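Each remark here refers to the structure printed beneath this line.
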Amino acid sequence: MISKPGTGERRSAPREGRQTMNEKVSNNVREHRKNAGLTQEDLASAMGVSRQTIISIEKGKYIPSLPLALKLARFFRCSTDDLFTIEEAQ
C-alpha cells in the first residue's frame, strides 16, 4: 500500500506482471487440440472442465487459471509460452 502524503489515502502499488488494458492474451489451444485429433469434449474431459470452458478459452473470452494453463501445457507436451502469448492491443 502507498500513502498519499497529507491525505491519509492509501492505494495499492502497481504490481509487476499484471495484465494492463492495452495487453491481450491469445492462445493456440485450438491448434494444439486439433493437431492431437481431439474434440472440445475430449479435451474438457481430460482437463476436468466443461466443454464451454474449452470453447471460451479457444475464443479468447476466458483466460484460464495458472493451474489449468500448466495442465494444458503438460497435456500437449509443450510450454505455456507455446500455448499462450501476451500481445499489445492496438
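Since every read-out is calculated from the coordinates, none of them should be taken as a lab result. Model, not experiment: these values are computed from the prediction. A quick note on method: Cβ atoms are made from the backbone with ideal geometry, for glycine too, and the neighbour counts reach across all protein chains shown.
Brief remarks on what is shown
- Selection count, segment 50-63, where residues are surrounded by 16 or more Cβ atoms within 10 Å (Cβ to Cβ) and in contact with a Lys or Arg (Cβ under 9 Å, 6 or more places away or on another chain): 3
- Filtered by the rule that a residue be among the polar types (S, T, N, Q) and more than 23 Å from Ile86 (Cα to Cα), segment 25-66 gives Thr39, Gln40, Ser45, Ser50.
- Within segment 37-48, residues that are hydrophobic (A, V, I, L, M, F, W, C) have Cβ atoms under 6 Å from residues that are outside any helix (DSSP H, G or I) in these pairs: Ala44/Ser50, counting only partners at least 6 apart in sequence or on another chain.
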